Amino acid sequence: MAPTSDKPADSASAVFDAIHEIMHLYRAQQYRALRDGPHDITHMEAKVLGYFARHPGATQSDLMVHAARDKAQLARLVRGLRDKGWLEATVDEADRRSTRLHVTEEGKAIARSLQREGDQLARVAAAGLDDAERRQLLALLEKVRGTIDAQE
């Protein structure tokens, strides 16, 4: 990918500009798939549904820590998914003040469908890389993540 600015192609800024551009293109494809897909679901609703599909019994507070989003926004998203019948809440027996969230059977089917669509998009996006190149790219990105994590 050629740099889209006047920054040298090997500069650190050019690397992050490229990552940003790739994620923008990838997200645009995700939004298009959601918009054109069979489910009446937004990108953020899909992310929340996927979180609870991967973390059955998690709480809204757990989601807040994971997503680093506004509490009110997440509460609206969870309420919307419950209203659609895709999430259900149960009282935590160990702490009656806490509510555990579980994806319903219908929600699980939607989450699986969305996961398959996401996997297909990822395969298309990475089709130009062979296995060794994908492993190398992942290792390099993990190295960058580790450097950023060490700064915190």
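Subtracting the Cα-Cα distance from 0.36 nm times the residue separation, let me have the gained length for HIS43 to GLN120 in nm, one decimal. Please list the in-between numbers first.
On the way: separation 77, 0.36 × 77 = 27.72 nm, distance 1.65 nm.
Stretched fully, the HIS43-GLN120 segment lengthens by 26.1 nm.
Report the gain in length on full extension from ASP130 to GLN29: 0.36 nm times residue separation, minus Cα-Cα distance, nm rounded to one decimal.
Values: separation 101, 0.36 × 101 = 36.36 nm, distance 2.20 nm.
Difference between extended and current length: 34.2 nm.
What nm distance separates the two modelled labels at THR99 and ALA68, each placed 7 Å from Cα along Cα→Cβ?
2.7
At 7 Å along Cα-to-Cβ for each site, give me the label-to-label distance between ARG76 and LEU137 in nm.
3.5
Based on the mean of other Cβ atoms within 10 Å per residue, sort peptides 65-73, 111-119 so the most packed one is first.
Numbers: 65-73: 11.2, 111-119: 15.0.
Most protected by this proxy first, the peptides run 111-119, 65-73.
Expressed as an acute angle from 0 to 90° and rounded to the nearest 10, what is the orientation of the C-alpha long axis of helix 71-83 relative to the principal long axis of the chain?
Long axis of 71-83 versus the principal axis of the chain: about 60 degrees.
I need the GluC sites (Glu not before Pro) found in region 7-104, filtered to DSSP loop residues with at most 13 other beta carbons within 10 Å of theirs.
GLU93
Tell me, in nm to one decimal, what length is gained between SER61 and THR90 on full extension, where the rule is 0.36 nm per residue of separation less the Cα-Cα distance? Walk me through the numbers on the way to the answer.
On the way: separation 29, 0.36 × 29 = 10.44 nm, distance 1.45 nm.
Length gained, SER61 through THR90: 9.0 nm.
What percent does the relative contact order of the chain come to when contacts are Cα pairs within less than 8 Å and at least six residues apart?
Working: 110 pairs, mean separation 27.4, N = 152.
So the answer I get is 18 percent.
Would you work out which of THR90, ALA9, GLY128 lies farthest towards the positive end of the dipole of the chain? Charges go on Cβ: Lys and Arg +1, Asp and Glu -1.
Checking the options against the dipole of the chain, the answer is THR90.
When Lys and Arg each count +1 and Asp and Glu each count -1, what net charge do the other residues less than 14 Å away from LYS108, Cβ to Cβ, add up to? Walk me through the numbers on the way to the answer.
Numbers: positive: ARG54, LYS84, ARG112, ARG116; negative: GLU88, GLU105, GLU106.
So the surrounding residues net to +1.
Placing +1 at every Lys and Arg Cβ and -1 at every Asp and Glu Cβ, with all other atoms neutral, what dipole size does the chain have around its Cα centre, in debye to the nearest 20?
Values: 23 positive and 24 negative charges, 85 e Å.
My answer is approximately 400 debye.
Which net charge results for the neighbourhood of LEU74, defined as the other residues with beta-carbon distances under 13 angstrom from its beta-carbon, given Lys and Arg at +1 and Asp and Glu at -1? Working shown, then result.
Values: positive: LYS47, ARG69, LYS71, ARG76, ARG79, ARG82; negative: GLU45, ASP62, ASP70.
Summing Lys and Arg as +1 and Asp and Glu as -1 gives +3.
Just going by the charge dipole of the chain, with Lys and Arg at +1 and Asp and Glu at -1 on Cβ, which of GLY118, LEU77, GLY146 is farthest out on the positive end?
Going by the charge dipole, the pick is LEU77.
What percentage of all Cα-Cα pairs in region 12-147 are separated by more than 19 Å? Provide the component values of the computation, followed by the final result.
Working: 5544 of 9180 pairs.
In whole percent, the long-distance tail amounts to 60.
Readers should treat all values here as calculations from the given coordinates under stated rules, not as data from a laboratory. Every value quoted in this text rests on a predicted model; they were computed, and no experiment measured them. Don't worry about glycine lacking a Cβ; one is built from the backbone with ideal geometry, like all the others, and counts go over all protein chains shown.
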